[in-house]
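**Student:** What follows is a structure written as structure tokens; I'll ask about it next.
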Amino acid sequence: MSQSAPSSLEKPVRFGAFIAPFHPLEGNPTLQLRRDLKLAQILDELGFDEVWFGEHHSTGVETIGSPELMIAAAAERTSRIMFGTGVSSVTYHNPLILADRIIQLDHMTGGRVALGIGPGQLPSDAFMMGIDPRDQRDMMAEAIEVLVPLLRGETVTRRTSWFDLREARVQLRPVSTEPIQMAVASVFSPTGVTLAGKNGIDVLSLAAGDPRGADALRNGWTTHEKVAADHGHVARRDRWRLVGQMHLSTSEAQARQDLEWGVLRATRYLETISGEKMPWRADPPTAVEEWVSKGLPSWGTIVAGTPDAAISGLEHLVEKSGGFGTFLLSITDCAPFHTTVRSLELFAEYVFPHFRNSNRNREDSLHWAYDNKDQFMGRMNQAVDEANQKYTR
């Protein structure tokens, strides 16, 4: 899958959402899933480029067990937005079956699907299936090595300790002549960026909001570029996706107040999966302050404020990473749904144009009018005087 590389992007020009999801236990699970689909529709209408749905099978909070089902339903409600599995836990699936599902989705969505790949985040998921978490990264590497040729339409024969493929092939070709995009999840270890480089596929950095993750971004990309080159591939910054948390409002105070609505439910969940106790768990304002300033376990920090704060946060990520193509907003479900929608509206209204230079011509036009105002106003005043003289005559 060697590709020619465009010039590196200094700033992201594509934006989307990453829906794990994080649904509070107190809520109605049916309505929560319906809101996820509604959110995809809203993102499409606002001009976002991508939405990714996760895969999890335990804990009761990250309740999407099949990102493919969510994508199929959301695709019927949208017209242009791209979808990704964020991510498919490949160690839980026979690679041929997963490849078949993705190819079918490619046709059902009109070529709007990407395959996100990970080993499986929750050890409780692996336990229920009798999988040792220590084996999952090696299993993921084996899965990727056959998923890449399968999605290219090739025939694969490969036997491992957990799958046996014999002249395996998918029945359908992708909708487009271009290969289906694939991205490997990367957090702190070099596993993800290394596998992506080795197999000529993209990187999905899930911990961009974590101080440790942000500091490791540049080094991770350097590793990815080197491994890709060693294997005859070209690393593409324009296809590098970073995931982070932001919640916007008309003021920082209002954004923080929105997050206070559900932050304690989130910290209860994060305590469960991380094993870390949080002394501020009974005080929402303190919890939000900790989230903004130091970060929460597994989640990292959040930008809570105005669109200007979002722009500054993204500029900081550009500096830390050296440049990337897509930023995905992690949807935390800590704010009421209507404020989440308002946050996305503010992001689309004011953050998109900054990074896409959408208003450059408008600004140039205004500056041009200002620079020539004496000439223009003089001619207009002269025209008014002449008209008055004609009327008087």
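The values are calculated or read from the model by the stated rules, or taken from the named source; none is laboratory data. Source: prediction; values computed, not measured. Heads up, the Cβs are rebuilt from the backbone with ideal geometry, glycines too, and the neighbour counts pull from every protein chain shown.
**Student:** Please list, ordered by residue number, the strands (runs of 3 or more DSSP E) wholly in the stretch 1-119 having 3 or more residues that are in contact with a Cys (Cβ under 6 Å, 6 or more places away or on another chain), crowded, with 16+ Cβ neighbours inside 10 Å and free of Cβ contacts under 8 Å to residues at least 24 places away in the same chain.
**Tutor:** On the way: elements: 14-19, 50-53, 82-89, 113-118.
Once the strands (runs of 3 or more DSSP E) in the stretch 1-119 are filtered for at least 3 residues that are in contact with a Cys (Cβ under 6 Å, 6 or more places away or on another chain), crowded, with 16+ Cβ neighbours inside 10 Å and free of Cβ contacts under 8 Å to residues at least 24 places away in the same chain, nothing remains.
**Student:** Of all residues in the stretch 223-274, how many are polar (S, T, N, Q) and at pLDDT below 95? Before the answer, list the steps.
**Tutor:** First pass over the stretch 223-274, keeping only residues polar (S, T, N, Q): 223, 245, 249-251, 254, 257, 267, 272, 274.
From the residues that got through so far, the ones that are at pLDDT below 95 too are 267, 272, 274.
Residues that pass the stated criteria total 3.
Here is a yes/no grid of residues against (1) under 13 Å from Ala304 (Cα atoms); (2) over 24 Å from the mean Cα position of the chain (by Cα):
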position: Val234; (1), (2): no, no
position: Ser251; (1), (2): yes, yes
position: Val263; (1), (2): yes, no
position: Ala266; (1), (2): no, no
position: Pro284; (1), (2): no, yes
position: Val288; (1), (2): yes, no
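Yes/no per residue for (1) within 19 Å of Glu319 (Cβ to Cβ); (2) crowded, with 24+ Cβ neighbours inside 10 Å:
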{"residue": "Glu225", "(1), (2)": "yes, no"}
{"residue": "Arg236", "(1), (2)": "no, no"}
{"residue": "Trp240", "(1), (2)": "yes, yes"}
{"residue": "Gly244", "(1), (2)": "yes, yes"}
{"residue": "His247", "(1), (2)": "no, yes"}
{"residue": "Ala255", "(1), (2)": "no, yes"}
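**Student:** Here's something else I'd like to know. Within the stretch 168-205, which residues are assigned to a loop (DSSP other than H, G, I, E, B) and within 20 Å of Asp230 (Cα to Cα)?
**Tutor:** Ser189, Pro190, Gly200, Ile201
**Student:** Just name the residue that is surrounded by the most Cβ atoms within 10 Å (Cβ to Cβ) out of those in the stretch 338-376 that are aromatic (Phe, Trp, Tyr) and at pLDDT 95 or above.
**Tutor:** Phe347
**Student:** So which helices (runs of 4 or more DSSP H) are wholly in the stretch 304-393 and hold at least 1 residues that are under 20 Å from Trp240 (Cβ atoms) and acidic (Asp, Glu)?
**Tutor:** Hits in the stretch 304-393: 307-321.
**Student:** Only one of these conditions is not met by Ser7: (1) out of contact with any Asp or Glu (no Cβ under 8 Å at 6 or more places or on another chain); (2) more than 27 Å from Ser298 (Cα to Cα); (3) modelled with pLDDT of 95 or more. Which number is it?
**Tutor:** Every condition holds for Ser7 apart from (3).
**Student:** Shifting gears a bit: Could you list, in sequence order, all residues of the stretch 120-140 that are surrounded by fewer than 21 Cβ atoms within 10 Å (Cβ to Cβ) and among the acidic types (Asp, Glu)?
**Tutor:** Asp132, Asp135, Asp138
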